[in-house]
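All remarks here apply to the structure that follows.
Values quoted throughout were computed directly from the atomic coordinates according to the rules given, and no laboratory measurement underlies them. Please read all numbers here as calculations on a predicted model, not as lab measurements. Cβ: placed from backbone, ideal geometry, glycine included. Neighbour counts: every protein chain shown.
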Amino acid sequence: MTEPLENGAIKIIEIMGVSTSSYEDALDRAVAKAAESINGIVSLEVTGQSATVRDGRIARYEISAKLSFIVR
């Protein structure tokens, strides 16, 4: 668990998550993948949603997000 930031810095990066099942799954996948190499993730702001359509159906859900984490 991360401690609250009282003094220091937070870094913000942009990420994109994709899924064939839902926007929520795309978001979960993006955070899980980022957490493999980034410690101290404290927040996520979804900045956009889009989808790829094939044959009249959604084939891929895509989310764009800003992820913030404490700089150590």
Pairs where the first residue, in the range 35-57, is under 16 Å from GLY17 (Cα atoms) and the second is charged (D, E, K, R) and in a strand (DSSP E or B), C-beta under 6 Å, 6+ apart = GLU45/LYS66; THR47/LYS66; SER50/GLU62; THR52/ARG60
Given LYS11, LYS66, which one is among the basic types (Lys, Arg) and touching a residue at least 60 places away in the same chain (Cβ under 8 Å)?
-> LYS11
Residues (within 11 Å of ILE63 (Cβ to Cβ) and β-branched (Val, Ile, Thr)) located in the range 7-30 = ILE15, VAL18
